[in-house]
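The next block holds one structure in the form of structure tokens; read it before the comments.
The values are calculated or read from the model by the stated rules, or taken from the named source; none is laboratory data. Please read all numbers here as calculations on a predicted model, not as lab measurements. Cβ coordinates were reconstructed from backbone atoms using ideal geometry, including for glycine residues, and neighbour counts include every protein chain displayed. All accessible areas refer to the heavy atoms of the entire protein, side chains included, with ligands and DNA or RNA removed. Shrake-Rupley method; radii C 1.70, N 1.55, O 1.52, S 1.80 Å.
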Amino acid sequence: PPADHAPHSSAPLPERFPEREPLRSLPGEAHARGHLGYAPLRLATPLTPGDVISLHTSRQRPPGPRPRQGLKSRPGHAPRVGAPSCCPLSQDLDFPPCSLPWLYLYCRPSVPSGALAWPRPCSPPRPTLQSWTIFVRPLRTAKPRPHIDGAENAFKVRLSIRTALGDKAYAWDTNEEYLFKAMVAFSMRKVANREKTEISHVLLCNVTQRVSFWFVVTDPSEKHTLPAVEVQEAIRMNRNRINNAFFLNDQTLEFLKIPSTLIPPTDPPVPIWIIIFGVIFCIVIVAIILLILSGIRQRRRKDKGPSEVDDTEDKCENTITIENGIPCDPLDTKGGHVNDAFMTEDERLTPL
Amino acid sequence: MALAPGPDLLGDGSGDERPKWDNKLQYLLSCVGFAVGLGNIWRFPYLCQTYGGGLGCFTVSSLIGIYYNTVLTWVLWYLLNSFQNPLPWSACPPDRNLTGFVEECQRSSSVSYFWYRQTLNVTADINDSGSIQWQLLVCLVASWAIVYLCIIRGIETTGKAIYFTALFPYLVLTIFLIRGLTLPGATEGLTYLFTPKMQILQNPRVWLDAATQIFFSLSLGFGGHIAFSSYNPPRNNCKKDAVTIALVNSMTSLYAAIIVFSVLGFKAANDHGRCLDRNILSLINAFDFPDQSISRDDYAAVLAHLNVTQPERVAGLGLESCHLEDFLDKSASGTGLAFIVFTEAILHMPGAPGWAVLFFGMLFTLGLSSMFGNMEAVITPLLDMGVMPRWVPKEVLTGVACLSCFLASIHFTLHSGNYWLEVFDRYAASLNLVIFAFLEVVGIVYIYGMNRFCDDVAWMTGRRPSLYWRVTWKVVSPLLLLTIFVAYIALLARAPPSYRAWNPQYDQFPTQQENVYPGWVQVTCMLLSFLPVLLVPAVALAQLLVRHRRKKKAALQDMHLKPQDSGAC
């Protein structure tokens, strides 16, 4: 089949996928195209440090010519057969760091070291694994460095830039990595006895498209890595500065195995609910008191009421009402007369 | 002829005449407020979702008044805590060394933690009483003070307060309706509500639940309606009032169900989205895909692809299964709905503290208007029976009633208070009311006489009740009530009564542990269920004895009088 189309045995992946890579555009053209296959990679210019290319592959590798024309390997980067040049295969998904300075190819398993090549199985071959990304990174220095076993003193870092910043997300490139190394070195310099930590002592490894990578900090002799506890302590103290340098927070810039110090809850001296409770309670008590007082006043008025009516009637007693020019006899209500006509039989007789 | 004294209406102490409603609206609002309670908001929608007697009354009302106000206390506590941003139940508190969150909170959720730990501070067992929660005690004092303020002079003050407490909930419900319908996911919730599940409708339990719900929703059998109606003028179209109140109650339940379900649909959609996001994050982290490269819509396709190509790795990730139906099925009723589900839904709405204040304010006023009815059902019989001497003002009587209920309800502020509240809710308020309502109907229709009753109704309303009313009173209502009663007994007898305890030490935490009630609690349950009912025959017996003695006395007096009479003439 032609190089442009590869047989695919699985469901096609969403279109969007391939467009996400590359993290930065290559000089010259190309990025892998389409999920159905892979376009031949043609690079007009040689790769520069920090170029990162990702290719999307499908399960079956295409027979056919390896489209690697135009790519030049850098001098001195011949594949070293027999050297542990691949990232070792591991069962868990977080690959421990490779033997660092020797490695000039940070790779996924099943990709050989050396030039950017179409995925070829590393030994032992793992045909079930897919190669998602291939990164090329040239050696920093020409002289080979001793193998540093930093596996237990290395930490994995994971960034979620797009989650944090959305459209304003920046691309993760070597400059950002340099800043990261600077921040780590800065944090280490704040630890006692480590004031001489330089940026070059911080080593990054295994940068993936997720934007996750491993890092270690070596001592000035560059023979040993600093113990994990010190690095942990340093990062924890300066976590906030590191986060701010990247516009991220504890959730989007994760240091796995370094727990972040949570912000202690800022309790106001008096809890808010007590304040509001006090306000409502005072209003209720005042209202109750007012109602009780008004009730008492009403009752007092009612008790005084009949006696007041008597007074006014006494006052009226001496006034003579005139109606039609004829004076009427004022009602003598003070004493209370009993009108005999209305007396009942029963009241005359003494009750049983 | 002696002048007969004027018709002595059942006057209260100081000789003034019986209080009256200012206008009809006050009476209707009071009854509606009494009927429309917390149950309309949080019990009816739950049931939709799962398939779509005088001294006795007094006892029941006082029992209910005691524990109902505890719910108001909780609502008040949440209301007071809603005036801050961020809301206190939005995040778990960090643990002592500030490296993670409190373990109990992490395993359950911040909302459950706030409810069970920071509000109730609940123990794992009903036997374990614990001490009094001072913040709940303080809120209890406040809520009883508010209740006292509103009923201090009986319906005089209640009638004024009811304008606010009965109408405010409808205003808030409408605001929530507009907000709820505009939330994403609301349509799913509403479709779920209104889609009948035919096979569930065939389950008789559904119909039993429906009957009990409408019965309790109308707050029948408490004596509250009787108390309120006794303040009406004698010639009153009670038929129209009854129909109005029943209709308003049912409409409110439906209205509330629409709102609750749109909010629940929003919450389910939200939870579903977050479940997907968690899975997507696992995939991205495991396979090192670029950040944000899988959207929620693509997730299914990507997962399918990966399952085919690398099934072992995918299986090792431990992805959750996210189905919208599962989240919609997570129903809750009662305190669970208000304090856990709804509070969580509110967290995700923009402007959360404002919505929380509105929601809990609405619940508070709803409960308050139901409390008015309860307390009136307690105080009116006390006044009518003349328990206090005449010179004691009404304010003192209401104060004493409120104080005694408050002292009795302090028990619910203990650590195990929530379990006791469930006991009261399940046993004090269920069987008794059914029995009272049954006795009331049977007493009036069969003992007082249907004809006499129809004459009274004709005198009050101007028209005899139609055939529909007579058939329902004579046949349908007693039958339904009897069925509900029998079904309740059958359900109770089926299994020993148990309760759900919040136990962080339980291995399946956060699922609640099912415990059986200890013996003495079971005895309390029985007492609560049957004591008020037993008062009915007890009082009947007492009245029989009194009448018998009076007859004997009258007969003796007659015998003494006869010789005197013959002598006087």
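Heavy atoms only, probe 1.4 angstrom, no DNA, RNA or ligands counted: give me B:TRP459, B:TRP89, B:TRP207 ranked by accessible area, highest first.
B:TRP207, B:TRP459, B:TRP89
Nearest 100 Å² is fine: what is the total accessible surface buried where chains A and B meet, probe 1.4 Å?
It comes to approximately 4400 Å² buried between A and B.
In the full protein assembly as shown, how much of B:ARG205 is accessible to a 1.4 Å probe, in Å² to the nearest 10?
110 Å²
Quick query: amide H of A:LEU226 versus all other amide H atoms, modeled in the peptide plane; which residues come in under 5 Å with a sequence gap of 5 or more or a different chain?
Hits under the 5 Å cutoff: A:VAL217, A:THR218, A:ASP219.
Along the Cα→Cβ direction, 7 angstrom out, place labels at B:GLU17 and B:ALA538. What is the inter-label distance in nm?
Taking the simple label geometry, B:GLU17 and B:ALA538 are separated by 3.8 nm.
If I take R0 = 30 Å and measure r between the Cβ atoms of B:PHE194 and B:TYR468 in this structure, what FRET efficiency does the formula 1/(1 + (r/R0)^6) give, to the nearest 0.05?
0.55
Anything over 21 Å Cα to Cα? Flag those among B:LYS20/B:LYS394; A:LYS168/A:LYS257; A:LYS196/A:LYS257; A:LYS196/A:LYS223; B:LYS160/B:LYS394, in the order listed.
Going by Cα-Cα distance, A:LYS168/A:LYS257; A:LYS196/A:LYS257 fall outside the 21 Å limit.
Quick one: how many Å² of A:CYS282 are accessible to a 1.4 Å probe, rounded to 10?
Surface open to solvent at A:CYS282 totals about 80 Å².
Add +1 for every Lys or Arg and -1 for every Asp or Glu among the other residues with Cβ under 11 Å from the Cβ of B:SER229, and state the total.
The answer is -2.
With all protein chains present, calculate the accessible area of A:THR266 using a 1.4 Å probe and round the result to the nearest 10 Å².
So the heavy atoms of A:THR266 present about 120 Å² to solvent.
For the stretch B:306-374 and the stretch A:274-308, what is the centre-to-centre distance using only Cα atoms, to the nearest Å?
Going from one Cα centre to the other spans 44 Å.
What's the FRET efficiency of B:ASN232 with B:ALA555 using the Cβ-Cβ distance as r and R₀ = 35 Å, to the nearest 0.05?
0.30
Can you work out the FRET efficiency for the pair B:ARG500 and B:LEU531, with r the C-beta to C-beta distance and R0 = 30 Å, to the nearest 0.05?
Computed FRET efficiency for B:ARG500 and B:LEU531: 0.70.
Between B:GLN292 and B:VAL243, how many nm apart are label points set 7 Å from Cα along the C-beta direction?
Taking the two extended label points, one gets 6.1 nm.
Could you give the nm distance between label points at B:GLU312 and A:TYR178, where each point is 7 Å from its Cα heading toward the beta carbon?
4.3 nm
Given a 1.4 Å probe, how much area per residue of chain B is accessible, in Å²?
Accessible area per residue, chain B: 47 Å².
Roughly speaking, what is the stretch gain from B:ASN451 to B:ASP326, that is 0.36 nm per residue apart minus the C-alpha to C-alpha distance, in nm to one decimal?
Between B:ASN451 and B:ASP326, full extension yields an extra 39.5 nm.
From the square roots a ≥ b ≥ c of the eigenvalues of the alpha-carbon gyration tensor of the stretch B:454-569, which class results: rounded (a/c under 1.5), prolate (a/b over b/c), or oblate?
Taking the square roots of the gyration eigenvalues as a ≥ b ≥ c, the stretch B:454-569 is oblate.
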